[in-house]
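Since the structure comes first, as structure tokens, the remarks are kept for the end.
Coordinate-derived values only; no laboratory data. A quick note: this is a predicted structure, and the numbers were derived from the prediction, not measured. Reconstructed Cβ throughout: ideal geometry from the backbone, glycine too, with neighbour counts over all protein chains shown.
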Amino acid sequence: MAISTQNRIPKEAFTLRPSNERGMVDLGWLKSAHSFSFGQYFDPEHIQFESLRVINDDFIQSGKGFPQHPHKNAEIFSYVLKGQLEHKDSMGNGSVVKSGGIQYMSAGSGVTHSEFNPSQSEDVRLLQIWLLPNVENESPLYDTLDLTPEDKDGKLKLFLSRDGREGSMRIKSDADIYAATLQGNQNIEYNIFDGHKAWIQVARGSLRVNGQTLTAGDGLAINKGGGIVLSNGQDSEFILFDLESRH
């Protein structure tokens, strides 16, 4: 059913998080932009959005990465946009996820892991995202999923969900998470239920959401339920988070 003009969420319910206002980190081997407070970057106005706690836009130099480090009670996934990312953890898992792939880890009662760029010639770019769990201290787990270009071409592809439907990985957080690409005259309509909010993170390119223009690196908080129309994509790739309100 098409979203009526009356049901479209007005721009007044949007809060833009501009790309150039994110916290910037440059360690040489790692260049990262933080949408929310993380590490040495602290911004009291941007701690989290509902259960969404971390969005880091990372570029990792060839042969470099994060050595073994611990996590507990966090839902973490990496959305690989370019290159490849190697994962090893204390559960015995090991994998290399390439562009278009997603690795997901539920830290639960505790896990250690490392993430490296195994290439000796190419940087890897990824979005590393953390969400707060809806249940704590369960056994940790790890999973991966590969998305094809066709999976998300002009449509929302569910890849993490509360219930594991439609071939998605099941996440222990009150969130459904989609990926999509948008180009030219493609349109996507999506309805956010009452009691839910949403966040759109633009990985690359540009698009419009109910007339609001977003460009690469922008985040858009959608603070009420209703309909959204995603349109005017120019080489656009983005992630949409449908989040149950915690208030």
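Most fluctuating residue of GLN120, GLN84, GLN201 in a GNM of the chain with Cα springs under 10 Å: which is it?
Of GLN120, GLN84, GLN201, the Gaussian network model singles out GLN120 as fluctuating most.
Under the rule of at least 5 residues apart or a separate chain, name every residue whose amide H is placed under 5 Å from the amide H of MET169.
Amide H neighbours of MET169: LEU160, SER161.
So which chymotrypsin sites (Phe, Trp or Tyr not before Pro) in the range 174-247 end up in coil per DSSP with only 15 or fewer other C-beta atoms within 10 Å?
PHE193
If R₀ is 22 angstrom, what is the calculated FRET efficiency for the pair LYS31 and LYS98, using the beta carbon separation as r and rounding to 0.05?
Taking R0 as 22 Å, the efficiency between LYS31 and LYS98 is 0.60.
Which aspartates and glutamates does LYS31 reach when only Cα atoms under 19 Å apart count, and residues fewer than 8 places away in its own chain are ignored?
Within the straight-line limit of under 19 Å, LYS31 reaches these aspartates and glutamates: GLU21, ASP43, ASP57, ASP58, GLU86, GLU115, GLU122, ASP123, ASP218.
Which whole-number percent is the relative contact order of the range 29-116 (Cα, under 8 Å, 6+ apart)?
29 percent
Quick one: which of 46-53, 85-92 comes out on top by average Cβ neighbours within 10 Å, and what's the full order, highest first?
Those peptides, ordered most packed to least, come out 46-53, 85-92.
By the scheme Lys and Arg +1, Asp and Glu -1, what is the net charge of all other residues having a beta-carbon under 12 Å from that of HIS69?
Taking every other residue near HIS69 into account, the sum is 0.
Can you find, among HIS71, SER37, GLY225, the residue sitting farthest towards the positive end of the charge dipole of the chain, where Lys and Arg contribute +1 and Asp and Glu -1 at Cβ?
Projecting each Cα onto the dipole axis, the largest value belongs to GLY225.
No solvent, one uniform scatterer per C-alpha: report log10 I(q)/I(0) for the chain via the Debye equation at q = 0.09, 0.11, 0.16 1/Å, two decimals.
Ignoring solvent entirely, the Cα scatterers give -0.36, -0.55, -1.24.
Which lysines, if any, have their Cα less than 21 Å from the Cα of LYS11, not counting same-chain residues under 8 positions apart?
LYS197, LYS224
Could you tell me the relative contact order of the range 11-244? Use alpha-carbon pairs under 8 Å, at least six residues apart, and round to a whole percent.
19 percent
Pick from VAL202, VAL229, VAL135: which is most flexible by mean-square fluctuation in a GNM of the chain where alpha carbon atoms under 10 Å apart are linked?
VAL135
Please quote Rg/Rh for the range 131-213 to two decimal places, taking the Kirkwood radius as Rh and restricting both calculations to Cα atoms.
Using only Cα positions, Rg/Rh for the range 131-213 is 0.99.
What number in nm² do you get for the range 1-134 if you take the convex hull of its Cα atoms and divide its surface by four?
Mean projected area for the range 1-134: 10.8 nm², to one decimal.
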